1. Could you tell me the calculated FRET efficiency between VAL341 and LYS166, based on Cβ-Cβ distance and R0 = 51 angstrom, to the nearest 0.05?
2. Using only alpha carbon positions, build the gyration tensor of the range 82-315, then give the equivalent ellipsoid semi-axes as the square roots of 5 times its eigenvalues, largest first, whole angstrom.
3. What is the range 82-315's relative contact order, in percent, from Cα pairs under 8 angstrom and six or more apart in sequence?
4. Please state, to two decimals, what the Cα-based radius of gyration of the chain comes to when divided by 2.2 N^0.38 Å (N = residues).
5. Taking θ = phi - 60°, what integer Hz values does the Karplus form 6.51 cos²θ - 1.76 cosθ + 1.60 yield along the range 467-484, in sequence order, with x for Gly and Pro?
6. Tell me whether the range 600-667 comes out rounded, prolate or oblate; compute the Cα gyration tensor, take square roots of the eigenvalues as a ≥ b ≥ c, and use a/c under 1.5 as the rounded threshold.
7. Given points 7 Å out from each Cα along the Cα-Cβ axis, report the ASN197 to LEU431 separation in nanometres with one decimal.
8. Return the sequence-ordered ³J(HN,Hα) values of the range 512-517 in whole Hz as given by the Karplus equation 6.51 cos²θ - 1.76 cosθ + 1.60 applied to θ = phi - 60°, using x for Gly and Pro.
Amino acid sequence: MNPEEARERIALLIKEINYHNRLYYVEAAPEIPDTAFDALLKELEKLEEQFPDFASDNSPTKRVGGDITKKFETVAHEYPMLSLANTYSEEEIQEWVQRITKAGLENLTFVCELKYDGVAIGLRYENGELVRAVTRGDGEKGEDITMNVRTIRTVPLTLTGDFPIKFEIRGEVFMPIEAFNKLNEEREMAGEDRFANPRNTAAGTLKLQDSSMVANRGLDTYLYGVNGQDLPFLSHFEAVKSASTWGFKTPPENQGYISCCDSIEGVMDFIHYWDEQRNFLPFEIDGIVIKVNSYEHQRKLGFTAKSPRWATAFKFKAKQVVTQLLSVDFQVGRTGAVTPVANLAPIQLGGTTVKRASLHNADQIEKLDLHLGDFVFVEKGGEIIPKIVGLDVSKRPIDAQKIQFLENCPECNSALVRKEGEAQHFCPNELQCAPQVVGKIQHFVSRKAMNIDGLGEETVVQLFEAGLIQNVADLYSLSHETLLKLDRMAEKSVENLLNGVQQSKSIPFERVLFALGIRYVGETVAKRLAQAFQTMDALMNASFDELLEVNEIGERIAQSVLEFFNQADNRNTVEVLRNHGLLFEMERKALHSNVLQGKSIVVSGVFEKVSREELKELIELNGGKNISSVSSKTDYLVAGEGMGPSKLKKATDLGVRLINENEFLTLIGYGK
């Protein structure tokens, strides 16, 4: 394919992929199967690698992320992002509507919208291309998070239709409840703390330095406010409808997320409807926004120092009910964390029957001063899981007993421990405490880990209770004859299970590492560690400082990895798994060149064009050797932003050659 053919094909692929992306993520009406979409994307990736001059910053291939941002630049808003005045009082909303109505504006109408509980964002487009995404900040200035926003599937990178040459669109980035719950499940599996609520998680995600992590979080958007010079419409409602035709995901009128009305009654009907229905939405909202529709009317009404006079927000009060605390259970998780759970007299809250609520930890119980039989206030506010926020002491039974946190594990009776600086208590008996053993095996066989077909959670429990498995390595010693003796184990079931076990031996090293269930080592961290150390042996023998050099690895993760491999039982399990044929090293890729043959290279700092792990991979693919510390045998120190001062000093003292990212990429002919 010659360059001109490649340019035309790339342009056609981008147009087609953007079209199908909108159908899938915005309109929920896909026309082609996922496999066909993936094939188009892979073809585009390959062409962009072969012809990098034709690769665009707004290519659909940017959706997967991979850019590393050390610092988010602060930029000024061309149009200030002012906050809205808000109230919890329906009377104040009615007074606001009456005040606007009496202003003598002809043909006055209002637009009512959902108030999405997310992060306000401003997107700037020029000639139909996304050029910048900025947070609200202080309203005058915000942070440039374009790299991260490009990974959000519902943000169009290029527009279609009759759009203005230059404009800005405002909206909200949020995390859907399903994506939030999935993320928390993954964190729990990795032994990490659960995130508190979708809004804070969305905000934190947008500030991650690695855009590939943002791409995996499932963020979504609704965009609804167009700003610009000489816009081709006269009202807010018209602007929202027009923006939809350009490719934006705007609030759907047919689902009632946005409505135009001309009276107080219409505004209040919208508020009352969504106060009842908000619990059935796939995302969180915390109120309703009401705006004067006409741009001319908005100009006449003007602004106060802090907010527009032509818009306001009604905020919902958190749903709260009173019920009785019947008992408290203490649950032991896979990592040994002991979590108290309140059992409540069943009561309706937010469209569901609530019977249980998390009490989080011992500090929460002490703070609430909970007693059995207390009448407690249960709330579903910004959090998905109901929580106890207070109690009515006046209704406490005279003989009520204060709830004490356990001193021993409710499953194995081991004395619980609580490390300094941590909120949770842990059972240290991880090799014999049944919930921990079973939980570790269930994690090991799960879809994102070893993905062993035929081994669901119930089957793991059955095998454990039958004494056939005591750790993950025992799975590879299961026999056909033994399994057939179990209840509900027919010939086909046994065959599927054993085939699944056998097929798991081809699972890549990074997923095997994730499957081991090292605390704080989730999917992304496992991938980082696997890429950095390449083999299980190298990782097992890594020092604390070597672990800290890996991107995204902090002291807590590094210490957890060291503690895991320092335990003889864990090392023995690893050896048994090795003997069974599991993959304990990264797949070796063919060399790109020998330009670095015999060279020992240290990488330090943060880089702009490629990540540190990618740099290390490029070193090996060009014949070089990655080393972690500077010595007289070091040939190059590839220096990025924020490089450790001790490495720099030692390299200077020893006369080691320092090269920056661009010099290194030029050396290996990267991108040619």
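1. That gives a FRET efficiency of 0.40.
2. Values: eigenvalues 184, 100, 47 Å².
Those come to 30, 22, 15 Å.
3. Numbers: 416 pairs, mean separation 74.4, N = 234.
Worked out over the range 82-315, it gives 32 percent.
4. Taking the Cα Rg and dividing by 2.2 N^0.38 Å, one obtains 1.10.
5. For the range 467-484, the Karplus-derived couplings read x, 8, 9, 10, 7, 5, 5, 5, 4, 8, 10, 5, 10, 4, 5, 5, 5, 5 Hz, x marking Gly and Pro.
6. Working: a/c = 1.78, a/b = 1.28, b/c = 1.39.
Oblate, since a/c reaches 1.5 and b/c is not below a/b.
7. 4.4
8. 4, 4, 4, 5, 5, x
Every number here is computed from the coordinates shown, using simple stated rules; none is lab data. Source: prediction; values computed, not measured. Neighbour counts run over all protein chains shown; Cβ positions are idealised from the backbone, glycine included.
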